[in-house]
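**Q** Structure below; questions to follow.
The values are calculated or read from the model by the stated rules, or taken from the named source; none is laboratory data. From a predicted model like this one, the values you see are computed outputs, not experimental measurements. Cβ placement follows ideal geometry from the backbone for every residue including glycine, while neighbour counts extend to all protein chains displayed.
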Amino acid sequence: MKVIVVKNASELGKQAFDLLAKAVDEGAKTLGLATGSSPVELYQEMVASQLDFSQMTSVNLDEYVGLSPENPQSYHYFMNQHLFQYKPFKQSYLPDGQAKDIQAECGRYNQILADNPVDLQVLGIGQNGHIAFNEPGTPFDSVTHEVALTESTIKANARFFDSIDDVPKSAICMGIANIMAAKEIVLLAKGESKAKAIKAMVEGPVTTDVPASILQKHPHVTVIADQAAASLL
Ligand code: GLP
């Protein structure tokens, strides 16, 4: 696991963009994308760039159950706002949070991932070490599944909603095995609230208590963290 410590968020976006541009230059066809505040500066760099994604595919990590793509809190909406409206891909996949049959939707998404192997996966990390919505305790061999969000994740994400009661209670999310299948992974972290999770991920034992710790076993991971997020390393 390579760790790059940067001065600030804009530097983080630039470094992440350089890695992404290199992967695209080397022939990447499918990008794995993430939501949350961590990748925002990367998406700004992508939007400002000359890169053309119109022949590429994107797959996102997760979507809330019950939110439509038009709902401003949905991850569909987030991706359109930050990236897709400016830089369309040939095909962009996210789980369908409104699917009638969530089990079937998880199966469909696993098939999409099998058909579109991810060349570069962008990841954030939760304060409790979760990746996507794979909370502590999630098996490392998990594939796309419905996840009940933990109290701490609901609290952490409440800032994006009018009230904590509006935060969905579950999500459809790629499993840890799906994430580990990516050829290359770039994990982004900003701020002191991530410092403990970053330390546990990089220096701690590989344990399902810290889902991100499994990344120690992946052959090509770069962590880009600002000084606050890297402060306990
Ligand atoms: C949510 C997302 C994760 C993300 C995490 C951290 O729980 N499902 O994919 O990594 O939040 O978000 P942020 O980047 O806003 O700190």
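**Q** Using beta carbons and a limit of 9 Å, which pairs, at least six apart or on different chains, have the first residue in the range 55-74 and farther than 16 Å from Ala99 by Cβ and within 13 Å of the ligand (Cβ to nearest atom) and the second one assigned to a strand (DSSP E or B) and among the aromatic types (Phe, Trp, Tyr)?
**A** Pairs that qualify, where the first residue is farther than 16 Å from Ala99 by Cβ and within 13 Å of the ligand (Cβ to nearest atom) and the partner is assigned to a strand (DSSP E or B) and among the aromatic types (Phe, Trp, Tyr), are Gln73/Tyr64.
**Q** Applying the selection to the range 163-189, what residues are surrounded by fewer than 22 Cβ atoms within 10 Å (Cβ to Cβ) and closer than 14 Å to Gln127 by Cβ?
**A** none
**Q** Any idea how many residues of the range 75-107 are of a type in the set (Lys, Arg), exposed (fewer than 15 other Cβ atoms within 10 Å of the Cβ) and touching a residue at least 24 places away in the same chain (Cβ under 8 Å)?
**A** 1
**Q** Would you confirm whether any residue within the range 145-153 is surrounded by fewer than 19 Cβ atoms within 10 Å (Cβ to Cβ), within 20 Å of Gly97 (Cβ to Cβ), of a type in the set (D, E, K, R) and without any contact (Cβ under 8 Å) to a residue 24 or more places away in the chain?
**A** There is no residue in the range 145-153 that is surrounded by fewer than 19 Cβ atoms within 10 Å (Cβ to Cβ), within 20 Å of Gly97 (Cβ to Cβ), of a type in the set (D, E, K, R) and without any contact (Cβ under 8 Å) to a residue 24 or more places away in the chain.
**Q** Separate question: Considering only helices (runs of 4 or more DSSP H) fully contained in the range 121-211, which possess at least 1 residues that are more than 11 Å from the ligand (Cβ to nearest atom), out of contact with any helix residue (DSSP H, G or I) (no Cβ under 6 Å at 6 or more places or on another chain) and at pLDDT below 95?
**A** Working: elements: 151-157, 176-180, 195-203.
In the range 121-211, the matching helices (runs of 4 or more DSSP H) lie at 151-157.
**Q** Here is a follow-up. Quick check on the range 28-48: of everything there that is within 15 Å of the ligand (Cβ to nearest atom) and free of Cβ contacts under 8 Å to residues at least 40 places away in the same chain, which residue is nearest to the chain's Cα centre (by Cα)?
**A** Across the range 28-48, the extreme among qualifying residues is Glu41.
**Q** Sticking with this structure for a sec: Which residue pairs have Cβ atoms under 9 Å apart, sit 6 or more places apart or on different chains, and have a first residue in the range 108-129 that is over 27 Å from Asp209 (Cα atoms) and without any contact (Cβ under 8 Å) to a residue 40 or more places away in the chain and a second that is more than 10 Å from the ligand (Cβ to nearest atom) and charged (D, E, K, R)?
**A** Cβ pairs passing all conditions: Arg108/Asp96.
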